[in-house]
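Engineer: This is the structure I want to talk about, given as structure tokens.
The values are calculated or read from the model by the stated rules, or taken from the named source; none is laboratory data. Everything quoted here is computed from the prediction, not taken from an experiment. All Cβ positions, even for glycine, are placed from backbone atoms using ideal geometry, and neighbour counts span all protein chains on display. SASA here: full protein model, heavy atoms, side chains in, ligands and nucleic acids out. Shrake-Rupley method; radii C 1.70, N 1.55, O 1.52, S 1.80 Å.
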Amino acid sequence: MLEISASYVDSLAPNAAAIKNGQGLVKKKSFVQLNRSEEGELLFGQCSGSGKSNYECSVDFIIPEKPTFRCTCPSRQFPCKHGLGLLYAYTDGLSFEVAPIPEDIISKREKAEKRVENKAQKENSDEPPKPKKVNKTALKKKIASQLEGLDVLEKLILSLIRSGLGTIDSKMLKAIQEHVKQLGNYYLSGAQIELRRFALLLAGGRDREASYTYAAEQLTRLHAFIKKGRAYLLSKLDDPELALDHTSTIEEWLGHAWQLTELKEFGLVTEQAELLQLAFYSYDDDARQEFVDVGYWLEAASGEIHRTVQYRPRKAAKHMREDDSFFEVAQVPYLYKYPGDMNARVRFEEMLPRAVTAADLANVSSKANGSYAEAVKTVKNQLKNPLSDKSPVMLLHAARVGTTESGQFALIDAAGGQLVLEDISALPQGTVSLLPYLHNSQLKDCCVLVMFEHRMDQGRLVAQPLTIIKGEAITRLLY
Amino acid sequence: MSTALLQELHQEVRRLYIAGSDLAPGDFRLKRLQPQFQQLGERAAIFKRLGEGITALLESGEGTGTSVKLQELAMLLGSVLYTQGHTAVDGEVLDIAGGGIPLSTSYSYRKLAEVQKALSTTGSGRYEIVTDAFAEGLFNDLRLFPFAIRALDDPYSEMAEFAMDKILPSYGAAVVPYLIQCFNRSGGKSDVRKLRVIYKAGGAEELELIYDAAENGADEIRVAAIECLAVHEGYTDALIGWTLDKKKLIREAAYTALAAGASAQGIERLFAAFSGKDKELAAEALNRFPSEPLTERLIPLLRTELDQAPVNNKDEKASDKAWAKVQPFLRAFEYVRMPLLEALFYQIVREADRFTSLSWITLLDKAAQYLEQTNSTEVLSLLQELDNKNHRYLPYSFRMAKRLLPPEEVYMHYVGSTASKLKSVVTKASSARERQLLDTMEYMVVSYDYYNGEINTAAPLVEAWDARWLDWLIDRKHLELVAVFARPGHKRVEEFLLQSLEEWKEKKKSGLNTIGEHVFKGLEHAGVEEARRLKLLMEILEDSKDRSLYSFSVYLFHLMFHFPKSYADRLEAILPSYRYDCARQLEEIIGLLRK
């Protein structure tokens, strides 16, 4: 028998409205017929809609990690509300009559099987996979263009610095935006985003004085990128056969979008990983002009905190699945890791959920870092690299979470080490103000997932709490 | 490592980024730092490198060199500073006080974000999101708790009130400490709301705080706090004290609270107020919270005032003054019903002549209004006597008679008796009286829904009213009422309705909805078969062509749905003569007929 929870169904939905609509169909009793196959791996039924005839929808769990939704409705949303409704009807405990699997689903299954077989055959065939042909002239041309782009970028930045940030007016900002557009022609989408981020820092409506520090820092970052990028590209120009750099984030900075097959080639895959999401948030990134869904996950075996990132371009956001908080353990057959430092980005295509057990939470506690001195050292080590991620996330153990008379919040480790808790600019939502609402017992001998931020002007390193784990209770302060 | 020095350098570098690196060569403030770095450089390599960076920048020539050197220095300095962040707190770390609030964090981002956005932005559709979320139980999530508290400040007052009445009280007493934390007794509207929630959720536990707010808060807060203290006996003395406050607002609240609490002492104070300057305030309080025992004690006072009133209106000032004394009593008695009061009003009506000469019409209105609700025929005859004197009071007696007497007696009394008289002499007074009667009847049986352009008629009329009314109404050509009273098998009614329609057609051609509504409803009541009515309606539509009409009334529009299919072409032909919604309605009908 199929075992799924309502929250798992929620996670399959493309957005909150789809959840509501799916549940609405069950509430309104729109399902005329509910069936399941003999083995229970296939749910199918008929749902009345605005059309003349009922929609026939089905959800096939023949590959449990990757349920297949099928429906005859014309909706562009996928999965549509009918498929989701069918699953909600199931989790609500409605009775599904056993019926033979419909003909068309059998044939569709066969086709899908054949596709998988063909693919497997290709992979397993004796002849070694053809090495990807690299068009050397094209590649050289691309690299030359990228180098040219770096020159353009450098020239702009240096001239900006010579005349000073104080002289940047709306006319200048327009000119910078023009450069942002130009960089697109030089295959430098990563640099393009960072330059736009710089321009946004100085855009109208912001407190300039407060932005200058960040703007200056952004310029230094771009400087570091230009230096490193140029050296890398030059070495590649010498040897076009040189493989992608899978040890640092330079490829991403240059605008490379890693493909899972590439990651696999470099051995950046873990098989049979188990992940528990500890925090999630989503924000609208003006510099990327995309919505970004970010999840922080603990990998059970290694104890590493990974990050899932989904970009949803504003224009396509309507048709893309919006990521969400996930409350179960994700059993992932293949976990792909991107190059990076702490909280490297991960991706997985297939996943099987299972309920969180006490053992999972005990494991979380055992993976928490108990010494802040050590944790801070690791963090600082990452921060000092100009191109690194400036807001690393860590799971810390806290002897207690307390407050000072002035209202500052702090984590204290077993050895008395301290860490100030404050809301940071990298996150869209504050959390420390929630701490006083928690029961005292939750704030002692607990694990806290925090995101760090270095306050350049004050010379302080602070952290924002994202989630508190105490015993069997996970309190998500963010999402 | 000297962090202060590094910070100082950071500030200088930041300054040069803002002012421009072209100013860096020879910059004296940068120059001043240089020796210190050189000195420290002898011990730590990193300071040496920074010192070299400073030198390079100071000595960089014209051109882009300055900016490159500044970038290099900033990059190196940044890396160093990133390793120098303090993590220490600013004092002794204490435990976080408070028992917490027992809420979970089990809802997902997608569900929470929508509500958080609704409660932190402005715009339409927010209220619905929040009420739905509340119904779904989303506010049991910790992360919405601060948003719920902040909702008390929401610029959309309905949202703030929903938070006050529903969301926050649902947390129970646990919410109280957090509200107290942010409660400001000198604050404004949102603090009033906080106070109300504190009282609602905290109850008797928080009376001291509420008392303090009532004593020392801003006016708005004091009023709300006084209201909260109304039913708590221990605070009666305090409430009595506030009735002596300098501010009228506070006295008003105090009197209202005393009336609501209805304690013996409170009643005594209200009674006393009736002989003081706060008569009106006490009267308003009693209007909201009527009190029988107090009414009983106030009736003799009113009686005395009435007895002492001037005999006529000669001295207008004196009579106005007397009236001002009487008015608060009437206000205080408005919602009380008791035999003593009935006796008082009965007596007032009996002395109608005296009060009429004082032009205290309102007094008689109030009395008649009260008496109308009683069930005694004796009272009815008194009221009928009153309306004989002045038709203004006819509605009271007529409604009462309608309620108490059999239909034929009502007809006989109000029409039968006057009808014969009317035939002979039509005086000004009698026609005004007739008008009054018709108006009263119209109020009783017809209600207008101006918003939807609908006219509702009260049914069933056949048993409730005497059959002779219809003829009487036709005689008076009262179309609205004839339409309501029309019944099948009455020959004159059909004639009259058709006649009315003809007259309308000849005269002006606007107001199609009103005439149509009356005539066609009347015809329906009169039992005229549908086919004929529809034919008539079609003719009217063809004849009217009222280009100023915005839309057909619901009744007429619904009638059109019954048109035979053959009318489609005729409707099409007149379509250009109608505009706005009318045209759309006709198109819809045409579409339906052709389907």
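Engineer: Could you go through the stretch A:413-425 and let me know if any residue there is within 30 Å of A:Gly255 (Cα to Cα) and out of contact with any strand residue (DSSP E or B) (no Cβ under 6 Å at 6 or more places or on another chain).
Structural biologist: Yes - at least one qualifying residue is present in the stretch A:413-425.
Engineer: What pairs come up if the first residue lies in the stretch A:228-253 and is under 15 Å from A:Thr137 (Cα atoms) and of a type in the set (Val, Ile, Thr), the second is open to solvent by less than 30 Å² (accessible area, probe 1.4 Å) and in a loop (DSSP other than H, G, I, E, B), and their beta carbons are under 9 Å apart, counting only those six or more places apart or on different chains?
Structural biologist: Close Cβ pairs (under 9 Å, with a partner that is open to solvent by less than 30 Å² (accessible area, probe 1.4 Å) and in a loop (DSSP other than H, G, I, E, B)) do not exist here.
Listed here are the residues, each with its yes/no results for (1) in contact (Cβ under 8 Å) with a residue 12 or more places away in the chain; (2) touching an Asp or Glu at 6+ places or on another chain (Cβ under 6 Å); (3) closer than 30 Å to A:Glu262 by Cβ.
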position: A:Arg345; (1), (2), (3): yes, no, yes
position: A:Leu352; (1), (2), (3): yes, yes, yes
position: A:Ala362; (1), (2), (3): no, no, no
position: A:Ser365; (1), (2), (3): yes, no, no
position: A:Ala368; (1), (2), (3): yes, no, no
position: A:Ala375; (1), (2), (3): yes, no, no
position: A:Asn381; (1), (2), (3): no, no, yes
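Yes or no, residue by residue, for (1) among the hydroxyl-bearing types (Ser, Thr, Tyr); (2) open to solvent by less than 60 Å² (accessible area, probe 1.4 Å); (3) away from every other protein chain (no Cβ under 14 Å); (4) in contact with a Ser or Thr (Cβ under 8 Å, 6 or more places away or on another chain):
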{"residue": "A:Glu322", "(1), (2), (3), (4)": "no, yes, no, yes"}
{"residue": "A:Pro353", "(1), (2), (3), (4)": "no, yes, no, yes"}
{"residue": "A:Ala359", "(1), (2), (3), (4)": "no, no, yes, no"}
{"residue": "A:Tyr372", "(1), (2), (3), (4)": "yes, yes, no, yes"}
{"residue": "A:Lys377", "(1), (2), (3), (4)": "no, no, no, no"}
{"residue": "A:Asn385", "(1), (2), (3), (4)": "no, no, no, yes"}
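Engineer: With A:Leu298, A:Leu263, A:Leu278 as the choices, which residue is touching a residue at least 24 places away in the same chain (Cβ under 8 Å), part of a helix (DSSP H, G or I) and in contact with a Lys or Arg (Cβ under 9 Å, 6 or more places away or on another chain)? Outline the logic, then answer.
Structural biologist: Numbers: A:Leu298 fails: part of a helix (DSSP H, G or I); A:Leu278 fails: part of a helix (DSSP H, G or I).
Answer to the selection: A:Leu263.
Engineer: Restricting attention to the stretch A:415-447, and to residues there that are closer than 18 Å to A:Ala373 by Cα and touching a helix residue (DSSP H, G or I) at 6+ places or on another chain (Cβ under 6 Å), which single residue is most open to solvent (accessible area, probe 1.4 Å)?
Structural biologist: Among those that are closer than 18 Å to A:Ala373 by Cα and touching a helix residue (DSSP H, G or I) at 6+ places or on another chain (Cβ under 6 Å), it is A:Gly417.
Engineer: Search the stretch B:60-102 for residues being more than 7 Å from every other protein chain (Cβ to nearest Cβ) and in a loop (DSSP other than H, G, I, E, B), and hand back the single one that is nearest to the chain's Cα centre (by Cα).
Structural biologist: Filtering the stretch B:60-102 for residues that are more than 7 Å from every other protein chain (Cβ to nearest Cβ) and in a loop (DSSP other than H, G, I, E, B), the one nearest to the chain's Cα centre (by Cα) comes out as B:Pro102.
Engineer: Can you tell me which residue is farthest from the chain's Cα centre (by Cα) among those in the stretch B:360-404 that are in the same structural domain as B:Tyr335 (by TED's automatic domain parsing) and not in a helix (DSSP H, G or I)?
Structural biologist: B:Ser376
Engineer: Which of (1) touching a Ser or Thr at 6+ places or on another chain (Cβ under 6 Å); (2) among the aliphatic types (A, V, I, L, M); (3) within 14 Å of chain A (Cβ to nearest Cβ) is the odd one out, the single condition B:Ala218 does not satisfy?
Structural biologist: Of everything listed in (1) touching a Ser or Thr at 6+ places or on another chain (Cβ under 6 Å); (2) among the aliphatic types (A, V, I, L, M); (3) within 14 Å of chain A (Cβ to nearest Cβ), B:Ala218 misses just condition (3).
Engineer: Let me ask another. Name the single residue that is surrounded by the most Cβ atoms within 10 Å (Cβ to Cβ) among those in the stretch B:208-237 being assigned to a helix (DSSP H, G or I) and out of contact with any helix residue (DSSP H, G or I) (no Cβ under 7 Å at 6 or more places or on another chain).
Structural biologist: B:Glu215
Engineer: Look at the stretch B:114-152 and say how many of its residues are at the interface with chain A (Cβ under 7 Å from one of its Cβ atoms), open to solvent by 10 Å² or more (accessible area, probe 1.4 Å) and under 19 Å from A:Ser7 (Cα atoms).
Structural biologist: 1
Engineer: Next question. Farther than 29 Å from B:Leu358 by Cα and open to solvent by less than 90 Å² (accessible area, probe 1.4 Å) - does that describe any residue in the stretch B:314-330?
Structural biologist: No, the stretch B:314-330 contains no residue that is farther than 29 Å from B:Leu358 by Cα and open to solvent by less than 90 Å² (accessible area, probe 1.4 Å).
Engineer: Given the residues A:Ala398, A:Ala473, A:Ala410, which is the only one that is open to solvent by less than 10 Å² (accessible area, probe 1.4 Å) and at the interface with chain B (Cβ under 9 Å from one of its Cβ atoms)? I'd like the intermediate steps shown before the answer.
Structural biologist: Working: A:Ala398 fails: at the interface with chain B (Cβ under 9 Å from one of its Cβ atoms); A:Ala473 fails: open to solvent by less than 10 Å² (accessible area, probe 1.4 Å).
Testing whether each residue is open to solvent by less than 10 Å² (accessible area, probe 1.4 Å) and at the interface with chain B (Cβ under 9 Å from one of its Cβ atoms) leaves just A:Ala410.
Engineer: Mind listing just one residue for me: the one in the stretch A:252-281 that is of a type outside the set (S, T, N, Q) and within 30 Å of A:Ala473 (Cβ to Cβ) and, of those, most open to solvent (accessible area, probe 1.4 Å)?
Structural biologist: So, considering only residues that are of a type outside the set (S, T, N, Q) and within 30 Å of A:Ala473 (Cβ to Cβ), the one most open to solvent (accessible area, probe 1.4 Å) is A:Glu274.
Engineer: Mind checking which pairs have a first residue in the stretch A:1-16 that is assigned by TED's automatic domain parsing to the domain that holds A:Phe96 and under 18 Å from A:Asp323 (Cβ atoms) and a second that is open to solvent by 30 Å² or more (accessible area, probe 1.4 Å) and of a type in the set (Lys, Arg), Cβ under 6 Å, 6 or more apart or different chains?
Structural biologist: Going by the 6 Å Cβ cut-off, the qualifying pairs are A:Pro14/A:Arg321.
Engineer: May I ask you to say which residue of A:Asp284, A:Asp293 is open to solvent by less than 20 Å² (accessible area, probe 1.4 Å), among the charged types (D, E, K, R) and modelled with pLDDT of 90 or more?
Structural biologist: Just one listed residue meets the conditions, A:Asp293.
Engineer: What is the one condition in (1) farther than 25 Å from A:Pro436 by Cβ; (2) modelled with pLDDT of 90 or more that B:Phe147 does not satisfy?
Structural biologist: (1)
Engineer: Here is a further query. Within the set of pairs 6+ apart or on separate chains, which have a first residue in the stretch A:427-453 that is more than 8 Å from chain B (Cβ to nearest Cβ) and at positive phi, a second that is of a type outside the set (Ser, Thr, Tyr) and open to solvent by 10 Å² or more (accessible area, probe 1.4 Å), and C-beta atoms under 7 Å apart?
Structural biologist: Sorted first by the residue in the stretch A:427-453, then by its partner, the pairs are A:Asp445/A:Ala399.
Engineer: Could we say that B:Ile180 is in contact with a Lys or Arg (Cβ under 9 Å, 6 or more places away or on another chain), within 14 Å of chain A (Cβ to nearest Cβ), closer than 29 Å to A:Arg476 by Cβ and at pLDDT below 90 here?
Structural biologist: Criteria met by B:Ile180.
Engineer: Taking the residues in the stretch B:11-61 that are in contact (Cβ under 8 Å) with a residue 24 or more places away in the chain and of a type in the set (Lys, Arg) as candidates, determine which candidate is most open to solvent (accessible area, probe 1.4 Å).
Structural biologist: Among residues in the stretch B:11-61 that are in contact (Cβ under 8 Å) with a residue 24 or more places away in the chain and of a type in the set (Lys, Arg), the one most open to solvent (accessible area, probe 1.4 Å) is B:Arg49.
Engineer: Looking at the stretch A:455-470, which of its residues are within 8 Å of another protein chain (Cβ to nearest Cβ) and either among the aliphatic types (A, V, I, L, M) or open to solvent by less than 20 Å² (accessible area, probe 1.4 Å) (or both)?
Structural biologist: A:Met456, A:Gly459, A:Leu461, A:Val462
Engineer: Has the stretch B:476-484 got any residue that is β-branched (Val, Ile, Thr), open to solvent by less than 20 Å² (accessible area, probe 1.4 Å) and under 29 Å from B:Leu437 (Cα atoms)? It would help to see each step written out before you state the result.
Structural biologist: We begin by selecting, within the stretch B:476-484, every residue β-branched (Val, Ile, Thr); these are B:482, B:484.
Remaining after also requiring open to solvent by less than 20 Å² (accessible area, probe 1.4 Å): B:482, B:484.
In the following step, the residues that additionally are under 29 Å from B:Leu437 (Cα atoms) were identified as B:482, B:484.
Checked the stretch B:476-484: at least one residue is β-branched (Val, Ile, Thr), open to solvent by less than 20 Å² (accessible area, probe 1.4 Å) and under 29 Å from B:Leu437 (Cα atoms).
Engineer: Being of a type outside the set (Val, Ile, Thr) and closer than 17 Å to A:Arg314 by Cβ is the filter here; which residues of the stretch A:252-300 pass it?
Structural biologist: A:Ser282, A:Tyr283, A:Asp284, A:Asp285, A:Asp286, A:Ala287, A:Arg288, A:Gln289, A:Glu290, A:Phe291, A:Asp293
Engineer: Residue under question is A:Gln331, and the condition is that it be in contact with an Asp or Glu (Cβ under 6 Å, 6 or more places away or on another chain), within 14 Å of chain B (Cβ to nearest Cβ) and either surrounded by fewer than 18 Cβ atoms within 10 Å (Cβ to Cβ) or not in a loop (DSSP other than H, G, I, E, B) (or both); does it hold?
Structural biologist: no
Engineer: Scan the stretch B:87-98 and tell me whether some residue there is in contact (Cβ under 8 Å) with a residue 60 or more places away in the chain and not assigned by TED's automatic domain parsing to the domain that holds B:Pro146.
Structural biologist: Taking every residue of the stretch B:87-98 in turn, at least one turns out to be in contact (Cβ under 8 Å) with a residue 60 or more places away in the chain and not assigned by TED's automatic domain parsing to the domain that holds B:Pro146.
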